[in-house]
1. Residue pairs, Cβ under 6 Å, 6 or more apart or interchain, first in region 73-100 and hydroxyl-bearing (Ser, Thr, Tyr), second buried (at least 21 other Cβ atoms within 10 Å of the Cβ). List them.
2. Which number in (1) hydroxyl-bearing (Ser, Thr, Tyr); (2) over 19 Å from ILE139 (Cα atoms); (3) in a helix (DSSP H, G or I) marks the one condition that THR226 misses?
3. Any chance region 150-158 includes a residue that's open to solvent by 10 Å² or more (accessible area, probe 1.4 Å) and charged (D, E, K, R)?
4. Inside region 62-76, can you point out the residues that are farther than 13 Å from ARG35 by Cα and either surrounded by 14 or more Cβ atoms within 10 Å (Cβ to Cβ) or of a type in the set (Val, Ile, Thr) (or both)?
5. How many residues, within region 172-222, are part of a helix (DSSP H, G or I) and of a type outside the set (A, V, I, L, M, F, W, C)?
6. Looking at (1) surrounded by fewer than 19 Cβ atoms within 10 Å (Cβ to Cβ); (2) near the ligand (Cβ under 10 Å from one of its atoms); (3) free of Cβ contacts under 8 Å to residues at least 40 places away in the same chain; (4) of a type in the set (Gly, Ala, Ser), which is the one condition that is false for GLY228?
7. Please work out which residue is farthest from THR215 (Cα to Cα), limiting yourself to region 115-147 and to residues that are at pLDDT below 95 and in a helix (DSSP H, G or I).
8. For region 239-283, name all the residues that are more than 12 Å from the ligand (Cβ to nearest atom), more than 21 Å from LYS27 (Cβ to Cβ), polar (S, T, N, Q) and free of Cβ contacts under 8 Å to residues at least 40 places away in the same chain.
Amino acid sequence: RKGNVVVTGASSGLGLATAKALAESGKWNVIMACRDFLKAEKAAKSAGMPKENYTIMHLDLASLDSVRQFVDTFKRSGMPLDVLVCNAAVYQPTASEPSYTANGFEMSVGVNHLGHFLLARELLDNLNASDYPSRRLIIVGSITGNTNTLAGNVPPKANLGDLRGLAAGLNGTSSSTMIDGGRFDGAKAYKDSKVCNMLMMQEFHRRYHEDFGITFASLYPGCIATTGLFREHIPLFRALFPPFQKYITKGYVSEEDAGRRLAQVVSDPSLTKSGVYWSWNKNSASFENQLSEEASDLEKARKVWELSEKLVGLA
Ligand code: NDP
């Protein structure tokens, strides 16, 4: 049978390119989990995705109710779940004030980390129940959360501190819009959320890989300088960023190639190792990359897991 893969945020950028690559392979039914149904439908059509190989389901990660509703709809569909890809993200580098999810969490961490955390936890049983040869949970990471890299050292750097803001609920009261309890900074909030993504992948691996046999993985697909992720940046930045990445840092990757990389992590029979953060070298060969000290701090991973459980109502 075809594999069933859920891809969050499949209405643009990396998610759409991945959905397209998987749908075109003919081996996958892609469930595009998107907050804007019409946008997703239009995107799939204009990308020329074969319509027998995708389904669109509504998911707004900025609302825990919507996450639960998505899980419920998916379970009632009776489809097995073979691979879950947590890809969607918001990035608000120029926001001077925080915005909040329906549950009152600062938006970047609320969507990128907490929404996905609840989704992945609620769908874990479905992944476990699937009879597919290789079941996978993939959480898209980023170099920007990795302070052991050049890109990860551009200020403001990711830093979760002692997690006091997360413990206080990330809700803007008692200086808790940021995980470390510091002042709101949209670019840092995004990077912090990506550190959480990479930590959660490892914590899932530690807790469930041995018993469930599921592959847990993260990746940095390269700098896809053309995606909507930079839509909130100033125009000059948006104009200069793609050529800068192409010619100066040489980290640039097209949406299509990045989509092929993520599709590879979904379906390549040789990429079954769990607990791994994949990257690609200049010849586009995948390799296991090192995470920064904070993004591989297992004690921090356990704490983020426990605090996040409380915030999303799992504990
Ligand atoms: P895009 O902005 O193009 O795509 C983000 C997707 O997330 C969109 O489909 C968007 O939906 C969706 N989304 C945003 N908020 C929500 C929400 N509340 N509920 C559901 N979906 C939501 O960015 P990219 O494709 O670049 O980003 C995809 C992933 O790649 C992210 O995890 C990002 O961190 C990662 N990444 C990107 C890099 C890059 O250089 N671009 C580099 C490294 C990692 P909508 O279409 O409705 O806006």
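The values are calculated or read from the model by the stated rules, or taken from the named source; none is laboratory data. Keep in mind that what you see is a predicted model, and the values were worked out from it rather than measured. Counting neighbours? That spans all protein chains shown, and the Cβs are built from the backbone with ideal geometry, glycine included. For accessibility, only protein heavy atoms count, side chains too; no ligands or nucleic acids. Shrake-Rupley method; radii C 1.70, N 1.55, O 1.52, S 1.80 Å.
1. TYR91/TYR190; SER99/MET107
2. (3)
3. Yes, there is a match, as at least one residue in region 150-158 is open to solvent by 10 Å² or more (accessible area, probe 1.4 Å) and charged (D, E, K, R).
4. Hits for region 62-76 are ARG68, VAL71, THR73, PHE74, LYS75.
5. Count: 17.
6. (3)
7. THR144
8. ASN281, ASN283
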